[in-house]
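Here the structure comes first, spelled out in structure tokens, and everything after it is commentary.
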Amino acid sequence: MYPDAIGPSIHYYMIRGDTISGKGKNITVWEAGTVGGEYIKTYGHYHVGKLDETYKFISGEGIALLQVLAVDKQGNMINNVVEEFKAIPVKAGDELFIPASCGHLVVNTGQDYLVTSDDSPVNFGDVNPASMPGHADYELVKQMRGFAFYVIEDNGKPALVKNKLYEEIRKTELSGLPIIA
Ligand SMILES: [Fe+2]
């Protein structure tokens with residue numbers, strides 16, 4: 001929400017599964033806290049191709065943001081029109097299935113680390129495993145400076161702030177989270 005806000009130099013850590021065998025799960029660990037009032041989150045991405053993903057929440061609590069962009073006649077995603085947006089509270093023990101066309105990021109709203117494992121591919125061929133994974137598109141999120149809503153701390157509780165760069169959000173499921181103007 002505020003790119004110049006002061007915060008930790010690293011917001012989250014991704015530990016790749018076994019990249020030699022291509023098997024094993026990835027682990028992600030989020031720092032706790034806020035940056036410019038916004039809870040620490042993963043960057044967010046859309047998968048390239050027909051690739052779904054399941055997150056298992058191992059520790060902590062957070063909010064998963066899922067959004068499906070509208071598509072044009074050629075089937076290309078329109079960066080500033082959201083067909084459907086969901087904010088889903090998650091905690092240790094939960095599992096979350098992310099359909100292939102659904103952009104996703106996770107926000108840490110807890111007091112401690114948030115930890116997940118996921119079944120995304122760990123073998124990127126000749127791509128450096130420490131780099132951004134080849135199966136994920138971060139560009140649309142970068143263009144729009146995040147998803148359709150930011151999750152901020154308001155009197156110690158999570159609330160949503162609309163990202164004004166989005167022109168239209170057609171359907172929302174916000175799990176009762178308030179929207180702050
Ligand atoms: Fe993903």
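Some values worked out for this structure:
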{"item": "E31 vs. criteria touching a residue at least 60 places away in the same chain (Cβ under 8 Å) and of a type in the set (D, E)", "result": "yes"}
{"item": "Considering residues of region 97-110 that are at pLDDT 95 or above and of a type in the set (G, A, S) only, the residue farthest from the ligand (Cβ to nearest atom)", "result": "G110"}
{"item": "Qualifying residue in region 16-29 (condition: modelled with pLDDT of 95 or more and of a type outside the set (A, V, I, L, M, F, W, C))", "result": "yes"}
{"item": "Residue within region 2-11 that is free of Cβ contacts under 8 Å to residues at least 60 places away in the same chain and part of a strand (DSSP E or B) present", "result": "no"}
{"item": "Qualifying residue in region 62-85 (condition: touching a residue at least 12 places away in the same chain (Cβ under 8 Å) and of a type in the set (K, R))", "result": "no"}
{"item": "Complete set of residues in region 78-96 that are more than 13 Å from the chain's Cα centre (by Cα) and within 16 Å of the ligand (Cβ to nearest atom)", "result": "E95"}
{"item": "Positions within region 72-115 being of a type in the set (D, E, K, R) and closer than 29 Å to E167 by Cβ, in sequence order", "result": "D72, K73, E83, E84, K86"}
{"item": "Residues (farther than 17 Å from N26 by Cα and in contact with a helix residue (DSSP H, G or I) (Cβ under 8 Å, 6 or more places away or on another chain)) located in region 82-119", "result": "G103"}
{"item": "Which listed residue is within 19 Å of Y150 (Cα to Cα) and assigned to a strand (DSSP E or B), from I78, I88", "result": "I88"}
{"item": "Residue that is modelled with the lowest pLDDT, among those in region 111-138 that are among the β-branched types (V, I, T) and farther than 30 Å from G37 by Cα", "result": "V127"}
{"item": "Residue tally, condition within 16 Å of the ligand (Cβ to nearest atom), in a strand (DSSP E or B) and farther than 20 Å from K91 by Cα, over region 16-62", "result": "3"}
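The values are calculated or read from the model by the stated rules, or taken from the named source; none is laboratory data. Please read all numbers here as calculations on a predicted model, not as lab measurements. Please note: Cβ atoms are built from the backbone with ideal geometry, for glycine as well, and neighbour counts cover all protein chains shown.
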